[in-house]
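A.B. asks: Have a look at this one.
The values are calculated or read from the model by the stated rules, or taken from the named source; none is laboratory data. Values in this document were obtained by computation on a predicted structure and should not be read as measured data. When we count neighbours, we look across all protein chains shown, and the Cβ atoms used for this are built from the backbone with ideal geometry, even at glycine.
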């Protein structure tokens with residue numbers, strides 16, 4: 001497999017799909033967060049691949065830097081929410097988060 | 001097979017297989033381990049795509065910061081070292097089938113599109129900067145573009161106007177980080193005060 005545009009995009013697609021499945025099936029709240037990280041990394045691979053193999057120049061790399069920073073922020077806030085949820089429910093099972101059910 | 005494509009194959013396989021292992025593994029500690037492998041291999045892919053600074057930032061921020069945060073979350077929320085919250089097998093099968101179909105759709109789309117844009121000319125970079133960027137030395141161009149100054153000579157699709165820099169998104173993301181810092185500190189602090197109040201659940 002040579003390192004062309006399609007190969008990078010395929011790796012990004014595999015990461016994205018794994019992240020989506022992880023978000024959809026994991027019942028552990030931290031596992032859902034890990035799925036989000038996988039999805040963001042798939043997007044990052046696509047950004048860097050387009051920056052390398054197309055006319056974008058450095059735009060893709062700068063945007064992947066922004067994505068990395070926003071992912072760190074998202075992980076911090078989501079972790080604080082997960083810790084609060086664990087404090088209230090004594091579990092991290094997201095199926096137990098049904099207090100807001102209408 | 002050259003060395004570059006060999007390394008790309010190794011790290012691409014490592015990235016994909018570790019991501020699949022994250023989905024498959026049941027205990028959250030093993031998921032964290034496979035996620036570390038996957039994200040580290042992703043940073044190696046960035047290095048192979050001549051994005052040295054992004055690869056280094058990925059290693060420092062993601063693998064060094066975000067994943068340590070996630071592992072702390074695992075430690076603070078698990079009642080045992082190998083906590084298992086199992087998914088129902090029917091859900092697993094349905095999710096696997098849906099994921100496979102989604103992957104086939106994305107693969108077909110990727111293969112069907114001509115990403116090179118026909119006979120599009122290469123971006124007209126200045127010569128010395130272009131050689132620096134194509135060899136992966138991207139620290140100075142990225143830093144200057146974050147300050148609003150483009151030195152890689154990328155132009156927009158018309159070819160005339162110089163592409164804009166990223167001063168405004170840089171400032172927005174700085175303020176965003178400050179807000180996130182205050183917000184997560186507030187959330188963590190509210191939890192502690194509620195514990196010291198004798199376990200009574202009171203929404204602050």
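A.B. asks: Suppose we filter the range B:48-70 for residues that are within 14 Å of the chain's Cα centre (by Cα) and either modelled with pLDDT of 90 or more or outside the structural domain of residue B:16 (by TED's automatic domain parsing) (or both); how many remain?
C.D. replies: So the answer is 9.
A.B. asks: Moving on. Name the single residue that is farthest from the chain's Cα centre (by Cα) among those in the range A:37-61 being over 19 Å from residue B:15 (Cα atoms) and free of Cβ contacts under 8 Å to residues at least 24 places away in the same chain.
C.D. replies: For the range A:37-61, the residue satisfying everything is A:55.
A.B. asks: OK, next. Here are B:40, B:73: which of them is more than 9 Å from every other protein chain (Cβ to nearest Cβ) and either within 23 Å of the chain's Cα centre (by Cα) or surrounded by 13 or more Cβ atoms within 10 Å (Cβ to Cβ) (or both)?
C.D. replies: One residue alone meets the criteria, B:40.
A.B. asks: Yes or no: residue B:51 at the interface with another protein chain (Cβ under 9 Å from one of its Cβ atoms), surrounded by fewer than 23 Cβ atoms within 10 Å (Cβ to Cβ), in contact (Cβ under 8 Å) with a residue 40 or more places away in the chain and over 17 Å from residue A:14 (Cβ atoms)?
C.D. replies: Spelling it out, it is not the case that residue B:51 is at the interface with another protein chain (Cβ under 9 Å from one of its Cβ atoms), surrounded by fewer than 23 Cβ atoms within 10 Å (Cβ to Cβ), in contact (Cβ under 8 Å) with a residue 40 or more places away in the chain and over 17 Å from residue A:14 (Cβ atoms).
A.B. asks: Can you name the residue in the range B:14-31 that is facing another protein chain (nearest Cβ under 7 Å) and more than 14 Å from residue A:10 (Cβ to Cβ) and is also modelled with the lowest pLDDT among such residues?
C.D. replies: Among those that are facing another protein chain (nearest Cβ under 7 Å) and more than 14 Å from residue A:10 (Cβ to Cβ), it is B:28.
A.B. asks: Going by what's in this entry, would residue A:67 be described as touching a helix residue (DSSP H, G or I) at 6+ places or on another chain (Cβ under 6 Å) and under 19 Å from residue B:40 (Cβ atoms)?
C.D. replies: Spelling it out, residue A:67 is indeed touching a helix residue (DSSP H, G or I) at 6+ places or on another chain (Cβ under 6 Å) and under 19 Å from residue B:40 (Cβ atoms).
A.B. asks: Considering the range A:18-30 alone, what residues qualify as being farther than 22 Å from residue B:59 by Cα, part of a helix (DSSP H, G or I) and in contact (Cβ under 8 Å) with a residue 60 or more places away in the chain?
C.D. replies: Result: A:29, single match.
A.B. asks: Same structure again: Have a look at A:38, A:10, A:15, A:33 and point out the one that is surrounded by fewer than 22 Cβ atoms within 10 Å (Cβ to Cβ), within 7 Å of another protein chain (Cβ to nearest Cβ) and part of a helix (DSSP H, G or I).
C.D. replies: Exactly one of A:38, A:10, A:15, A:33 is surrounded by fewer than 22 Cβ atoms within 10 Å (Cβ to Cβ), within 7 Å of another protein chain (Cβ to nearest Cβ) and part of a helix (DSSP H, G or I), namely A:10.
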